[in-house]
């Protein structure tokens, strides 16, 4: 009762407005949420060709450490999904976490066959300094919700050992260079032969996820499937 009263007082003093339509009450109102359809973006992790299930195409399979890449939504800063991800990532508004939980639940319910027979979920890590600045790792939050839906364990087996520039501000070539050698394994117990879902918030050039996938594959991981909330097109 007290918690609800505090929430009501807070809403009166600091009203929130929908990121989609500016209606007062919620960060994403019911009407706008219904417009966000997590139908999935399924493209080759390397060449961006649209393929069934996001599986790496024949032309790229021998060059890519990712066997597939799956996203819930296309990414654009001007779309509602892009605004939500930006606010979630940099401001960590807990209400937006609930929005993504619902979207992941809907997506998994419709696409459970895509991620079956996997063994483990691994989030892309933040550097300790970045984690201290932000206070949370958005990839880990997404990974834990996905793990809940798939009934799979989440393992924090990767460590970011280089404090890199933010990828969003860099060109494709600079992104690849920025994350080269930036990750290492904290442990490799039980990884050999496993099929892993590697989780992050957005897949753009794929440089971060590819670098993490390389480390995992070198540890004997059999297969790495990328999963993100959104994919830059």
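Only the coordinates and a few stated rules stand behind these numbers; no lab work does. None of the values given here were measured: they were computed from a predicted structure. Reconstructed Cβ throughout: ideal geometry from the backbone, glycine too, with neighbour counts over all protein chains shown.
Taking the Cα-to-Cβ direction at residue 195 and at residue 222 and moving 7 Å from each Cα, how far apart do the two end points lie in nm?
My value for the distance between the label points is 0.7 nm.
Restricting to bridges with both residues inside the chain, how much of the DSSP beta-bridge set is antiparallel, in percent to the nearest 5?
30 percent
Taking the chain as the reference, fit the longest principal axis to its C-alpha atoms, fit the long axis of helix 94-111 to the helix C-alpha atoms, and give the angle between the two in degrees, 0 to 90, nearest 10.
Once rounded, the angle reads 50 degrees.
What order do you get for 164, 30 when you list them from fewest to most C-beta neighbours inside 10 Å?
Fewest-to-most ranking of 164, 30: 30, 164.
Nearest 0.05, what FRET efficiency do residue 110 and residue 133 give at R0 = 45 Å with Cβ-Cβ as r?
Result of the calculation: an efficiency of 0.80.
Note the angle between two axes, namely the Cα long axis of helix 80-91 and the longest principal axis of the Cα atoms of the chain, as a number of degrees from 0 to 90, rounded to the nearest 10.
90 degrees
So the label point goes 7 Å from the Cα of residue 144 along Cα→C-beta, right? Which residues of region 197-227 then have their backbone N under 20 Å from it?
197-202, 227
When the chain is fully extended, how far beyond the present Cα-Cα distance does residue 35 get from residue 79, taking 0.36 nm per residue of separation?
14.7 nm
Can you sort 90, 131 so the residue with the fewest Cβ neighbours within 10 Å comes first?
90, 131
For region 36-232, what does the alpha-carbon gyration tensor say about shape, rounded, prolate or oblate, given a ≥ b ≥ c as the root eigenvalues, a/c under 1.5 as rounded, and a/b over b/c as prolate?
Rounded.
Could you tell me which of rounded, prolate or oblate describes region 40-133, using a ≥ b ≥ c as the square roots of the eigenvalues of the alpha-carbon gyration tensor, with rounded for a/c under 1.5 and, failing that, prolate when a/b is larger than b/c and oblate otherwise?
Cα axes put region 40-133 in the prolate bin.
Assuming R0 = 30 Å, what is the FRET efficiency of residue 95 and residue 163, from their Cβ-Cβ distance, to the nearest 0.05?
Calculated value: 0.50.
Remind me, relative contact order of the chain in percent, using alpha carbon pairs under 8 angstrom and six or more residues apart?
Result for the chain is 20 percent.
Against the longest alpha carbon principal axis of the chain, how many degrees, from 0 to 90 and to the nearest 10, is the axis of helix 138-150 turned?
80 degrees
Using helices alone, I'd like the mean residue ellipticity at 222 nm for the chain: each DSSP H run of four-plus residues gives -39500 (n - 2.57), total over residue count, nearest 500.
The per-residue figure over the chain is -11000 deg cm²/dmol.
How would you order 149-156, 98-105 from highest to lowest mean count of nearby Cβ atoms within 10 Å?
Highest to lowest by the protection proxy: 98-105, 149-156.
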